[in-house]
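As structure tokens, the structure follows; a few thoughts come after it.
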Amino acid sequence: KAKLMGVPILHHTRMCPPREAPSATIPVTMVARDLQPDEFLLPHSHPWGQVTMALEGVLRITANNSSWVLPPMRAIWIAPNVEHAVTILEKTRLRPLCIHAARAPFAGQDCKVLEVSNLLRQLIMALEQLDPGQEPAREALLAELILDELKRSDTRPIRVPLPSDKRLKTLCDSLIDKPGLNQTLEHWAQQVGASERTLARLFERELGMSFGQWRQQVRLAHAAPLIARGVPLSQVAEELGYASQSAFSAMFKKTFGSSPSAFFAQGDRI
């Protein structure tokens, strides 16, 4: 079977166009799809920007040579014309927003992970309930409120950069598939046919961080959906290769400035 970052591609799915493309008049529209965990949206791009999120389920987004894992109540901004792919990790209620390029809430081509507020979630659900073209005044009002709320969204730095070097890619794919592996860089050097020094240099040059820092980002990305699902922190720590729950919590707090439970508290309330 072909694989994308360790996930079997069992069912290719093309992204459906929105019910109505965003325009200057109605700058925000939506695609509503319920997808199964064996589905994968092929790499694609479009002239509008997109806020990809799921009301339920877990997604993996690949774009700009990086990967993000999104639990519910997290979304990602993808700028216009940026190619991206979506892997469905759990049964998912996918609700991406399509945003007119001239009204992009963020500048530049970088993707941004956003915290979805309760208000933003309710606005998205209200937009979904409308019949396109039947209530243009309400559609326009909802679009403006959504754009305003997006600009106020907190951003979260859970990003996993991806390499182009084949040796590094073999190593990275293995760790994305099984983030709990604790082998040293020396071990991986023997596995991929490169010296430890060469791999260390490649991590810094291609990914802008050390091997340890990159593996930590992978583990954080995988931790997010586990914690959001209510998996005990002790089990999360064990699955991700940490010696103890306290070691995992300390790493998490160092990265985000809060404990895992506080980080997901807003999502738990919604």
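The values are calculated or read from the model by the stated rules, or taken from the named source; none is laboratory data. Remember, it's a predicted structure, so these values are computed and weren't measured experimentally. Note that we place each Cβ from the backbone using ideal geometry, even for glycine, and neighbour counts take in every protein chain shown. Accessible surface is based on the protein model in full, side chains and every heavy atom, while ligands, DNA and RNA are left aside. Shrake-Rupley method; radii C 1.70, N 1.55, O 1.52, S 1.80 Å.
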Check: Which of the residues that make up the range 176-216 are in contact (Cβ under 8 Å) with a residue 60 or more places away in the chain and either open to solvent by less than 40 Å² (accessible area, probe 1.4 Å) or in a helix (DSSP H, G or I) (or both)?
Finding: ILE176, ASP177, PRO179, GLY180
Margin query: When the residues of the range 159-174 are narrowed to those that are at pLDDT below 90 and hydrophobic (A, V, I, L, M, F, W, C), which ends up surrounded by the most Cβ atoms within 10 Å (Cβ to Cβ)?
Written below: VAL160
Checklist line | Tally, over the range 64-84, of residues that are over 20 Å from SER153 (Cα atoms) and modelled with pLDDT of 90 or more | finding: 4
Checklist line | Criterion violated by VAL218 - all others in (1) modelled with pLDDT of 90 or more; (2) closer than 20 Å to ASN64 by Cβ; (3) hydrophobic (A, V, I, L, M, F, W, C) satisfied | finding: (1)
Margin query: Go through (1) in contact with a strand residue (DSSP E or B) (Cβ under 7 Å, 6 or more places away or on another chain); (2) within 23 Å of GLN213 (Cβ to Cβ); (3) surrounded by 12 or more Cβ atoms within 10 Å (Cβ to Cβ) for ASP154 and report which single condition fails.
Written below: (3)
Item checked: Matching residues in the range 91-103 - criterion: being part of a loop (DSSP other than H, G, I, E, B) and either open to solvent by less than 20 Å² (accessible area, probe 1.4 Å) or modelled with pLDDT of 95 or more (or both) -> ARG95, PRO96, HIS100
Check: Just checking, how many residues over the range 117-139 are assigned to a helix (DSSP H, G or I) and under 14 Å from LEU55 (Cβ atoms)?
Finding: 11
Note to self: All but one of (1) surrounded by fewer than 19 Cβ atoms within 10 Å (Cβ to Cβ); (2) part of a loop (DSSP other than H, G, I, E, B); (3) under 11 Å from the mean Cα position of the chain (by Cα) hold for GLN109; state the number of the condition that does not hold.
What the structure shows: (3)
Check: Conditions: (1) at pLDDT 90 or above; (2) out of contact with any Lys or Arg (no Cβ under 7 Å at 6 or more places or on another chain); (3) within 25 Å of PRO136 (Cβ to Cβ); (4) not in a strand (DSSP E or B). ARG19 meets all but one. Number of the miss?
Finding: (1)
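Of all residues in the range 228-251, how many are in a helix (DSSP H, G or I) and either open to solvent by less than 20 Å² (accessible area, probe 1.4 Å) or free of Cβ contacts under 8 Å to residues at least 40 places away in the same chain (or both)?
Residues in the range 228-251 being in a helix (DSSP H, G or I) and either open to solvent by less than 20 Å² (accessible area, probe 1.4 Å) or free of Cβ contacts under 8 Å to residues at least 40 places away in the same chain (or both): 12 in total.
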